[in-house]
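Engineer: Have a look at this one before I ask anything.
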Amino acid sequence: MSTIELKNLVISKISEVNDEAFLLAINTILDSKSESILILSDDQKSSIKKSQKEYLEGNYFSNDSVNEEMEKWLKQ
């Protein structure tokens, strides 16, 4: 079944439902899916751009090197 066919089937079934609580539950599920779109503030966008620039310039630590450093600190 294609995505379009599935959507049409779900819409058809929902249109037959008269249970308000059930419809509210479905609405909540659909709202949670649409809320997964992340909206960033200007500060967050700026921070991401800065981080990307640092990464491209090689200004980062590998996971292995951080783990090694942590092991050294823990042994002290």
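Engineer: How far is it, in nm, from the label point at residue 16 to the one at residue 32 when both lie 7 Å from their Cα along the line to the Cβ?
Structural biologist: It is 2.6 nm.
Engineer: Calculate the dipole size of the chain relative to its Cα centre from +1 charges on Lys and Arg beta carbons and -1 charges on Asp and Glu beta carbons; express the result in debye to the nearest 20.
Structural biologist: On the way: 9 positive and 14 negative charges, 41 e Å.
Roughly 200 debye, rounded to the nearest 20.
Engineer: Given labels modelled 7 Å from the Cα in the Cβ direction, how far is it in nm from residue 24 to residue 56?
Structural biologist: 5.0 nm
Engineer: Average projected area of the Cα convex hull of the chain, in nm²?
Structural biologist: Numbers: hull surface 45.9 nm².
Taking a quarter of the hull surface, the average projection is 11.5 nm².
Engineer: Helix 3-15 against the longest principal axis of the chain: what's the angle in degrees, Cα atoms only, rounded to the nearest 10?
Structural biologist: 50 degrees
Engineer: Next question. Would you tally the net charge around residue 63, using a Cβ to Cβ cut-off of less than 13 Å, leaving residue 63 out, and scoring K and R as +1, D and E as -1? Working shown, then result.
Structural biologist: Values: positive: none; negative: 64, 68, 69, 71.
Counting the neighbours of residue 63, the net charge comes to -4.
Engineer: Now, a different point. Which loop GluC sites (Glu not before Pro) in the range 1-68, with loop taken from DSSP, have no more than 14 other Cβ atoms within 10 angstrom of their Cβ?
Structural biologist: On the way: sites: 5, 16, 20, 35, 54, 57, 68; in loops: 16, 35, 57.
When the GluC sites (Glu not before Pro) of the range 1-68 are filtered for loop state and at most 14 Cβ neighbours within 10 Å, 16, 35, 57 remain.
Engineer: Are there trypsin sites (Lys or Arg not before Pro) in the chain that DSSP puts in a loop and that have at most 10 other Cβ atoms within 10 Å, and which ones?
Structural biologist: The qualifying sites: there are none.
Engineer: Sticking with this one: Can you tell which of 67, 28, 38 lies farthest toward the positive end of the dipole of the chain, using +1 and -1 charges on the Cβ of basic and acidic side chains (Lys, Arg; Asp, Glu)?
Structural biologist: With unit charges placed on the Cβ atoms, the residue in question is 67.
Engineer: What's the lysine pair count for the chain at a Cα cut-off below 30 Å, pairs eight or more apart or interchain? Please list the in-between numbers first.
Structural biologist: Working: 7/33; 13/33; 33/45; 33/49; 33/50; 45/53; 50/72; 53/72.
Qualifying lysine pairs in the chain: 8.
Every number here is computed from the coordinates shown, using simple stated rules; none is lab data. Bear in mind that the values here come from a model prediction, so they are computed numbers and not experimental data. FYI the Cβ positions are ideal-geometry reconstructions off the backbone, even for glycines, and counts take in every protein chain you see.
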